[in-house]
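Take a look at the structure set out below.
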Amino acid sequence: EKIRRSVLFDTKADLLVYGNAERAIVEIAHRLAARKPVKSITDIRGTAFLTKGVPEGWTEIDSTSLDKPSWAAPAPANPYNPTPGLQVGIPVPAPVPVPVPLVGRRVIRLPSFEDVCGKRELYAHSSRVMHLETNPGNARALIQKHGASDVWVNPPPIPLTMKEMDFVYELPYKRLPHPFYGGQKIPAYEMIRFSVTIQRGCFGGCTFCSITEHEGRIIQNRSQDSIVREIETMKEVPGWTGQVSDLGGPTANMYRLACKDPKIEAACRRPSCVFPGICENLNTNHKPLIELYRKARAVPGVKKIAIASGVRYDLAAESPEYVKELAQFHTGGYLKIAPEHTEEGPLSKMMKPGIGTYDKFKSLFDKFSKEAGKEQYVIPYFIAAHPGTTDEDMLKLSLWLKKNDFRADQVQAFLPTPMTFAAAMYHTGLNPLKREGKTFEDVFIPKSPDQRRLHKAFLRYHDPANWPLLRTALQRMGRADLIGSRKDQLVPAFQPKGSGYTPKRHGPNFRTQHARAESGDRDPKVQNPPPRRRR
């Protein structure tokens, strides 16, 4: 519940590097090797440092003069220049024309740290401006005063080309845990040991996620041949059984998707290419990804390739052929999908598509699963207590779950993540995405522990431990008609012996997303565990 100052002050570091940072790290290494003072390293994309004031030759722009309702902005002048570094002493592909490290020598002055701490409107404004400067084609440097010093943040790094991506991912990695672990079992390693990264970045713009700020909004892809070569090398990894656990990245199906026009892409300031609808300039052709799946399946020794990364279902629904490929060859009974909610209020604050898009995808998936003679289920994930979510929204979601025979096992309760729009909403109660004049839209925030507990209970309406809390809430909301044993009612009027509501402390797995389908012929292995008894 605190606003923290830049980590540069707390760590007393000379330089902060953000993103995947291959170019930045190599360039910094070259300059330090050339005996350049670290304080002189101020022009590398994807870095931040402390300074005092704006140097000569730079134009300082007040952020309030830029914060206009339109996301669009003209493309910067002279946007191309060869990339320095990387090629010195390292066998990497020749550099390609990319935007200059610091476009136009313009820096945007954000409200000071002290001001954003004291006024919620300035915090929302700063968040909005920061997200407008995430496109490497037109982003400008940012500066913010912290006491007597300034934090300077350079624009995001230029996306790696396909050749550079291939180079980075085909370095001679051991694919084994560091010897420091001494042979002990590492759950995270077990999950990703036989997975392959095929892309980076995400243009989805979900407000609760910071992938765009870390990996960029422009998708960076590996070549199909490079991916196939990595699969072939996995045969030498101990424990290989022929099962590839994932071909993906931040999103499973954004491989080779991009804006149709590079000039439009370089000028765009939209925070999402798929909200409120899929942009008409976005190429949604899944054919390269389908070809990749087929090539990967044809590798000798490969028995099964699963897709464990989250599928962006609104994009997948645009390509029935992709959904067919996914259902017939790459799903092992359950496919995780994240509609996050069913109601327009919270969905608009998440920048997620409506539930109708999920229904369209599910219809395609069920159809192709049936054609393949497979009994498979789409498992939806949902978020409780997200900014903009009312008790009524959660009640409607709960009724949707019951109507569709879904029982969530573990659910995700929203926690604010630094740099995200949703975190700005959580702290300020304002929506940085929506504004009339200089006034931001007010957002309801379910912040109290009791309300967060209630929202989570709505997602687990089937758990007897939650029934006392839900009955009280339904009576308060004037929906006592939903208490009873009919199929259209949410919770029964009786309470099983030995059950009751017991508040639970949030453990280390509190944020884990996991849900399971409820059907007439459920797998006994995925039955929901019995409710914990009061001790």
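The values are calculated or read from the model by the stated rules, or taken from the named source; none is laboratory data. Remember, it's a predicted structure, so these values are computed and weren't measured experimentally. With ideal geometry, Cβ positions are generated from the backbone for all residues, glycine too; neighbour counts draw on all protein chains shown. Remember, those area values only see protein heavy atoms, side chains included, never the ligands or the DNA or RNA. Shrake-Rupley method; radii C 1.70, N 1.55, O 1.52, S 1.80 Å.
A compact table of results
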{"item": "Region 1-18: number of residues that are out of contact with any helix residue (DSSP H, G or I) (no Cβ under 6 Å at 6 or more places or on another chain) and over 16 Å from Leu50 (Cβ atoms)", "result": "2"}
{"item": "Filtered residues of region 10-38 (kept if closer than 16 Å to Asn154 by Cβ, part of a loop (DSSP other than H, G, I, E, B) and aliphatic (A, V, I, L, M))", "result": "Ala13, Leu15, Ala21"}
{"item": "Residue match in region 122-140 (condition: under 25 Å from Gly46 (Cβ atoms), free of Cβ contacts under 8 Å to residues at least 60 places away in the same chain and open to solvent by 20 Å² or more (accessible area, probe 1.4 Å))", "result": "no"}
{"item": "Any hit, region 93-107, residues being touching a helix residue (DSSP H, G or I) at 6+ places or on another chain (Cβ under 7 Å), in a loop (DSSP other than H, G, I, E, B) and modelled with pLDDT under 55", "result": "yes"}
{"item": "For Phe510: the one exception among (1) at pLDDT below 95; (2) within 23 Å of Lys403 (Cβ to Cβ); (3) open to solvent by less than 30 Å² (accessible area, probe 1.4 Å)", "result": "(2)"}
{"item": "Every residue from region 304-360 that is under 21 Å from Ala384 (Cβ atoms), crowded, with 22+ Cβ neighbours inside 10 Å and of a type in the set (Lys, Arg)", "result": "Lys349, Lys352"}
{"item": "Residues located in region 1-20, provided they are under 23 Å from the mean Cα position of the chain (by Cα) and of a type in the set (Ser, Thr, Tyr)", "result": "Ser6, Tyr18"}
{"item": "Scope region 51-86; condition assigned to a strand (DSSP E or B), open to solvent by 60 Å² or more (accessible area, probe 1.4 Å) and modelled with pLDDT of 50 or more; matching residues", "result": "Thr59, Glu60, Asp62"}
{"item": "Complete set of residues in region 284-303 that are open to solvent by 20 Å² or more (accessible area, probe 1.4 Å) and among the hydroxyl-bearing types (Ser, Thr, Tyr)", "result": "Thr284"}
{"item": "Pairs, first at positive phi in region 7-25, second part of a loop (DSSP other than H, G, I, E, B), C-beta under 6 Å, six or more apart", "result": "Gly19/Gly46; Gly19/Pro157; Ala21/Gly46"}
{"item": "Those helices (runs of 4 or more DSSP H) lying entirely in region 118-216 with at least 1 residues closer than 27 Å to Leu282 by Cα and acidic (Asp, Glu)", "result": "162-169, 211-215"}
{"item": "Condition met for Ile28 (farther than 20 Å from Gly216 by Cβ and either open to solvent by less than 50 Å² (accessible area, probe 1.4 Å) or modelled with pLDDT under 95 (or both))", "result": "no"}
{"item": "Yes/no for Thr241 being among the β-branched types (Val, Ile, Thr), open to solvent by less than 10 Å² (accessible area, probe 1.4 Å), in a loop (DSSP other than H, G, I, E, B) and in contact (Cβ under 8 Å) with a residue 12 or more places away in the chain", "result": "no"}
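Each row is one residue, and each column tells you yes or no for (1) surrounded by 17 or more Cβ atoms within 10 Å (Cβ to Cβ); (2) among the small types (Gly, Ala, Ser); (3) in contact with a strand residue (DSSP E or B) (Cβ under 9 Å, 6 or more places away or on another chain).
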residue	(1), (2), (3)
Ile186	no, no, no
Glu190	no, no, no
Phe194	yes, no, yes
Ile198	yes, no, yes
Cys202	yes, no, no
Gly205	yes, yes, no
Glu215	yes, no, yes
Glu230	yes, no, yes
Ser272	yes, yes, no
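Rundown of residues vs (1) open to solvent by less than 30 Å² (accessible area, probe 1.4 Å); (2) over 21 Å from Ala384 (Cβ atoms), yes/no style:
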{"position": "Pro432", "(1), (2)": "yes, yes"}
{"position": "Glu441", "(1), (2)": "no, yes"}
{"position": "Pro446", "(1), (2)": "yes, no"}
{"position": "His462", "(1), (2)": "yes, no"}
{"position": "Ala480", "(1), (2)": "no, yes"}
{"position": "Ser485", "(1), (2)": "no, yes"}
